[in-house]
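Asker: Once you've had a glance at the structure underneath, I'll fire off some questions.
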Amino acid sequence: MTGTGTGTDKDLARRAEAVRDRHRTTLGAVPAGVEARLGLALAHGRLHTEEALAELRHIVLTDSALGARVQQLVHFGQLLALGRADPARIHARGALHAGADVADLIGVAETALITAGVPAYALGIETIAGLVEAETEAHAGAEADAEAEAEAEARAGKRL
């Protein structure tokens, strides 16, 4: 990491991609908010700020006795308590990416009921239901694609 956000376009692009890779590793994807921050940082010579933040996140998330799965579950619970829907969804996905299952997420939402009340619990269940629904739709779409491909191959085989 350099002390400034300046450099050649190729160097800046490489450094920004390294920040994205850190998020892909912990969350499985790059959140839209991170992309927006990177865009501003690149446009205004502040990439070093995003690099420092990514480095701190990496240290806290990977050098923790909690491990990645529990760390993401804790993030999810804290964000439920704060009422932060979008970041809570990102960290719920991150928890699944790190090996948690839906029962783990429900357990966190139930704990949020005790520590932060019904709004946090409701947000957690809504978030989990949305993730399950999206996964079900993605699975159904993949199955439909596979069936269509098999039918096309069968028709092509009949023509031979």
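Bear in mind that the values in this text are calculations on the coordinates, not laboratory data. Just so it is clear, the model here is predicted, and its values are computed rather than measured. When we count neighbours, we look across all protein chains shown, and the Cβ atoms used for this are built from the backbone with ideal geometry, even at glycine.
Asker: Hey, any idea what Rg/Rh is for the stretch 45-113, computing Rh the Kirkwood way over Cα pairs?
Answerer: Working: Rg = 13.1 Å, Rh = 12.6 Å.
Rg/Rh: 1.04.
Asker: Calculated from DSSP H runs of 4 or more alone, at -39500 (n - 2.57) each and per residue, what is the 222 nm mean residue ellipticity of the chain, nearest 500? It would help to have the intermediate numbers written out before the result.
Answerer: Numbers: 7 runs with 133 residues, N = 160.
For the chain, the value works out to -28500 deg cm²/dmol.
Asker: First check a/c for the stretch 20-62, with a ≥ b ≥ c the square roots of the eigenvalues of its C-alpha gyration tensor; if it is under 1.5, answer rounded, and if not, answer prolate when a/b is larger than b/c or oblate otherwise. The partial results should precede the final answer.
Answerer: Working: a/c = 3.09, a/b = 1.42, b/c = 2.17.
The shape class here is oblate.
Asker: Could you work out the relative contact order of the chain? I mean the mean sequence separation of Cα pairs under 8 Å and 6+ apart, divided by the number of residues, in percent. Write down the numbers at each step before the final one.
Answerer: On the way: 155 pairs, mean separation 29.0, N = 160.
After rounding, I find 18 percent.
Asker: How would you classify the stretch 1-117 from its alpha-carbon gyration tensor, with a ≥ b ≥ c the square roots of the eigenvalues: rounded for a/c under 1.5, else prolate if a/b is greater than b/c, otherwise oblate?
Answerer: Numbers: a/c = 2.67, a/b = 2.22, b/c = 1.20.
Because a/c hits 1.5 or more and a/b exceeds b/c, the stretch 1-117 counts as prolate.
Asker: Shifting gears a bit: Taking the Cβ-Cβ separation of residue 24 and residue 126 as r and a Förster radius of 22 Å, what is the calculated FRET efficiency to the nearest 0.05?
Answerer: 0.30
Asker: With charges only on Cβ, +1 for K and R and -1 for D and E, what is the dipole size of the chain about its Cα centre, in debye, rounded to 20?
Answerer: Details: 16 positive and 23 negative charges, 115 e Å.
With Lys and Arg at +1 and Asp and Glu at -1, about 560 debye.
Asker: Tabulate in residue order the Karplus-calculated ³J(HN,Hα) for the stretch 103-117, using 6.51 cos²θ - 1.76 cosθ + 1.60 with θ = phi - 60°, rounded to whole Hz; enter x for Gly and Pro.
Answerer: 3J(HN,Hα) across the stretch 103-117, in whole Hz: 4, 4, 5, 4, x, 5, 4, 5, 5, 4, 4, 6, 8, 10, x.
Asker: What does a probe at residue 101 reach in the stretch 118-140, counting residues whose amide N is under 18 Å from the point 7 Å along Cα→Cβ?
Answerer: Under 18 Å, as judged by backbone N against the label point of residue 101, lie 128-129, 131-133, 135-136 of the stretch 118-140.
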